[in-house]
Amino acid sequence: MPNQLIIEIPQWVDVDTTEMERVVRMMLADNGRELYNLTIVAVDDDLMADLNQRFRGVSGTTDVLSFVIEDEPLEGEVFLSVEQAQTAAAIDKAALKAEIYRQAVHGILHLLGFHHDSLEEERLNREMMERYLAEF
């Protein structure tokens with residue numbers, strides 16, 4: 001099966017999905033992922049809260065959820081909360097699309113196995129976030 005990357009983000013969000021696809025494919029290549037089938041979907045807080053409760057047992061919404069379905073070849077889904085992105089963008093006085101890009105990079109890093117459970121992991125995750133966000 002050929003590599004597949006599906007990005008579903010509402011048009012009104014004003015995100016360049018071609019640019020997002022380029023950066024995500026770069027992330028995958030940089031991390032040795034030659035075979036993949038990934039979906040990135042922007043959702044509202046109601047659906048995000050439902051997914052968070054159902055799959056993590058955590059009540060309430062969150063900004064990003066990543067689910068690895070298969071490790072090799074990499075198959076997974078990343079859910080982005082548009083409402084959480086709007087809130088974060090307002091707090092940071094940033095553009096909504098910049099926050100959506102941040103969420104997408106964060107979610108893909110999780111699919112690639114980068115987490116932030118320790119200080120060292122947090123540092124590495126932050127470095128990788130900065131590296132890939134600079135590509136937008």
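The values are calculated or read from the model by the stated rules, or taken from the named source; none is laboratory data. Owing to the predicted nature of the structure, the values given are computational and were not obtained by experimental measurement. Please note: Cβ atoms are built from the backbone with ideal geometry, for glycine as well, and neighbour counts cover all protein chains shown.
Scanning the range 17-67 for residues that are free of Cβ contacts under 8 Å to residues at least 40 places away in the same chain, of a type in the set (D, E, K, R) and in a helix (DSSP H, G or I) yields GLU21, ARG25, ASP30, ASP45, ASP46, ASP50, ARG54, ARG56. Among the residues of this structure, VAL13 counts as one that is surrounded by 13 or more Cβ atoms within 10 Å (Cβ to Cβ) and in contact (Cβ under 8 Å) with a residue 40 or more places away in the chain. Is it fair to say ARG56 is over 17 Å from ILE9 (Cβ atoms), modelled with pLDDT of 95 or more and among the basic types (Lys, Arg)? Here the answer is yes, as ARG56 does meet what is asked. Only a single criterion out of (1) under 18 Å from GLU99 (Cα atoms); (2) among the aliphatic types (A, V, I, L, M); (3) over 16 Å from the mean Cα position of the chain (by Cα) is not satisfied by VAL43, namely (3).
Any chance the range 78-97 includes a residue that's at pLDDT 95 or above, in contact with a Phe, Trp or Tyr (Cβ under 8 Å, 6 or more places away or on another chain) and surrounded by fewer than 19 Cβ atoms within 10 Å (Cβ to Cβ)? No, the conditions are met nowhere in the range 78-97.
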